[in-house]
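Below is one structure, written out as structure tokens; comments come after it.
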Amino acid sequence: MSGGAAREHEGGEALAFRGVRKSFSGRGETLRVLDGVDFAVEQGEFVSVVGPSGCGKSTLLNMAGGFESPDAGRVLAGGAEVGGPSPARGVVFQQYAIFPWLTVADNIAFGLRLGACTIPRSEHAAIVARYVDLMGLTGFERAYPKELSGGMRQRVAIARAYAPDPDVLLMDEPFAALDAQTREFMQELLHGTQLAERKTVLLITHSVEEAIFLSHRVVVMSARPAKVCEVVDVGIGMPRTAETRLTPEFIELRRHLEGVLRSQSSNLEKGTAA
Ligand SMILES: Nc1ncnc2c1ncn2[C@@H]1O[C@H](COP(=O)(O)OP(=O)(O)O)[C@@H](O)[C@H]1O
Ligand SMILES: [Mg+2]
């Protein structure tokens, strides 16, 4: 495991998983999901997690969000144990979790207006305007979600997560429901936003290409019961563009990670059949 890409960041762990174990019980059976997961995300670092379906990626993200707790081990945010949900950690889910009764601008402003947010009211309009611009939503400020495409709704969800300036952003397959072309466009928008904002991001994705394109490091999980099986420094300069996806280094990294993932997925199938 290497933290090479992390060295250029401000330093300090924004998020850490230390020996995290988790099982779920039901119908008299216990399903061991996470079996000692260890990795950390540095301040300002963008880390993606890939792994076979059902290996516990969402469970991991839900622990970081404070929606689940580990059976053993520790989940730390800014050095302190995560005890529950906090506005310091913004979350974006796969499904469009924006409020249908609020306009685009009011959805983006939502977190700013909560009591826990300390950003002065006088700054809200400028913040909303900045994210409308970064997410390519200009002209749609007063539109309602039902008037938007799936991709646009997810851009609103991302803008809403960034707006209150959380310490960490947690994203669980935010583009999984979108078609391939929209997904690439969304990745480029998110990358641009990230370069402008330099937040700490933990992204779960089933797409190796998406993980490489966006991240400083990619964490690969093994089949269930899952551990970290590999951590890769992407090492490709930023900003990345559509052209970056066609470079030999990108393609080689993609080939490597897809191979690791394929072998883990076949382990999972064997495990399930047994
Ligand atoms: N609250 C829960 N109760 C019981 N089983 C769960 C619960 N959450 C997740 N699981 C099971 O744990 C495993 C891992 O789930 P999940 O973290 O969603 O995987 P991934 O996101 O990697 O696809 C799955 O088999 C899932 O069915
Ligand atoms: Mg999941």
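Brief remarks follow.
- A Gaussian network model of the chain, with springs between Cα atoms under 10 Å, assigns the largest mean-square fluctuation among VAL220, VAL260, VAL208 to VAL260.
- The alpha-carbon of LYS227 sits under 13 angstrom from the alpha-carbons of these aspartates and glutamates, leaving out residues fewer than 8 places away in its chain: ASP35, ASP38.
- Sequence-separation-based contact order of the range 1-143, relative, with Cα cut under 8 Å and 6+ spacing, percent: 20
- Within-13-Å neighbourhood charge of LEU34 [Cβ basis; K, R +1; D, E -1]: +4
- GNM remark for the chain: springs join alpha carbons under 10 Å apart, and the peak mean-square fluctuation among GLU68, GLU209, GLU29 falls on GLU29.
- Per residue, the Cα convex hull of the range 176-224 amounts to 88 Å³.
- Taking each DSSP H run with n ≥ 4 as -39500 (n - 2.57) and averaging over every residue of the chain yields -10500 deg cm²/dmol at 222 nm.
- Carbon + sulfur, % of accessible area of the chain - ligands and nucleic acids excluded, 1.4 Å: 51
- Surface analysis of the range 104-189 yields an accessible area of 46 Å² per residue, using protein heavy atoms and a 1.4 Å probe.
- Note: relative contact order over the range 53-95, using C-alpha pairs below 8 Å and six or more positions apart, is 35 percent.
- Take every Cα pair under 8 Å whose residues are at least 6 apart in sequence, average their separation, divide by the length of the chain, and the relative contact order is 27 percent.
- With K and R counted +1 and D and E -1, the other residues having a Cβ less than 14 Å from that of ALA180 yield a net charge of -3.
- Net charge contributed by nearby residues that have their C-beta within less than 15 Å of GLY90 (K/R +1, D/E -1): +2
- Shape analysis of the chain yields a ratio of the Cα radius of gyration to the Kirkwood radius, Rg/Rh, of 0.96.
- Based on the Stokes-Einstein relation at 37 °C and a viscosity of 0.692 mPa s, and on the Kirkwood radius from alpha carbon pairs, the range 103-216 is assigned a translational diffusion coefficient of 227 µm²/s.
- Residue-span extension gain [GLU29 to SER122] - 0.36 nm each, minus C-alpha spacing: 28.1 nm
The values are calculated or read from the model by the stated rules, or taken from the named source; none is laboratory data. These figures come from a predicted structure and were not determined experimentally. Here the Cβ is made from the backbone with ideal geometry for all residues, glycine too, and neighbour counts use every protein chain on show. SASA here: full protein model, heavy atoms, side chains in, ligands and nucleic acids out. Shrake-Rupley method; radii C 1.70, N 1.55, O 1.52, S 1.80 Å.
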